[in-house]
Amino acid sequence: MSKFSIPENTIYICEGSKCSKRGSRELYKNLKQYLKSKGVKDDIELIVTECTDRCKYAPVLAAQPSNIWLKEYTAKDVVKLVEDILKKKV
């Protein structure tokens, strides 16, 4: 078996119907590109999830292992979260 790296941080982005309508799909694409451009795509893994059943707060995402949840977020909120994760503030 080959070994693979396990990132310290993971961001789960809900792409249920309501979250997608409120921009989560575009955020995922933009965030993936942002992490690649910063050279940190191996430090934070992005995972798309189905509905998290928190539709009234859409869009929703969760950062682990810090167990931070963002609701009704903007791209600016997510960039700040990523920067804090990379600086180990969370």
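Ranked by Cβ crowding within 10 angstrom, fewest neighbours first, how are LEU61, LEU27, LEU46 ordered?
Numbers: LEU61 26, LEU27 23, LEU46 18.
Placing the least packed residue first, the sequence is LEU46, LEU27, LEU61.
Just tell me the longest site-free run in the chain, where the sites are GluC sites (Glu not before Pro) in a DSSP loop having at most 14 other beta-carbon atoms within 10 Å. Intermediate values should be presented prior to the final figure.
Numbers: sites that count: GLU8, GLU50, GLU72.
Formally, the longest exposed-site-free interval is 9-49.
Taking a cut-off of 24 Å between Cα atoms, list the lysines near LYS18, but don't count ones fewer than 8 places away on the same chain.
LYS29, LYS32, LYS56, LYS71, LYS76, LYS80
In which sequence would ILE85, ILE6, ILE11 go, from the one with the fewest C-beta neighbours within 10 Å to the one with the most?
ILE6, ILE85, ILE11
Which of VAL78, VAL60, VAL40 moves the most in a Gaussian network model of the chain with Cα springs under 10 Å?
VAL40
Largest first and in whole Å, what are the equivalent-ellipsoid semi-axes of segment 9-86 based on the Cα gyration tensor, each being the root of 5 times an eigenvalue?
On the way: eigenvalues 76, 32, 23 Å².
Equivalent ellipsoid semi-axes, largest first: 19, 13, 11 Å.
I'd like the isolated cysteines in the chain, meaning no second cysteine's beta-carbon lies under 4.7 angstrom from theirs.
Unpaired cysteines in the chain: CYS51, CYS55.
Taking the number of other C-beta atoms within 10 Å as the exposure measure, put THR52, THR74 in order starting with the fewest.
THR74, THR52
Relative to the Cα centre, what is the charge dipole magnitude of the chain, using +1 at the beta carbon of each Lys and Arg, -1 at the beta carbon of each Asp and Glu, and rounding to the nearest 20 debye? Mind dumping the intermediate values first?
On the way: 18 positive and 12 negative charges, 51 e Å.
It comes to approximately 240 debye.
Computed from the coordinates by the stated procedures, all read-outs in this text should not be read as laboratory data. Keep in mind it's a predicted model, so treat the numbers as computed, not measured. With ideal geometry, Cβ positions are generated from the backbone for all residues, glycine too; neighbour counts draw on all protein chains shown.
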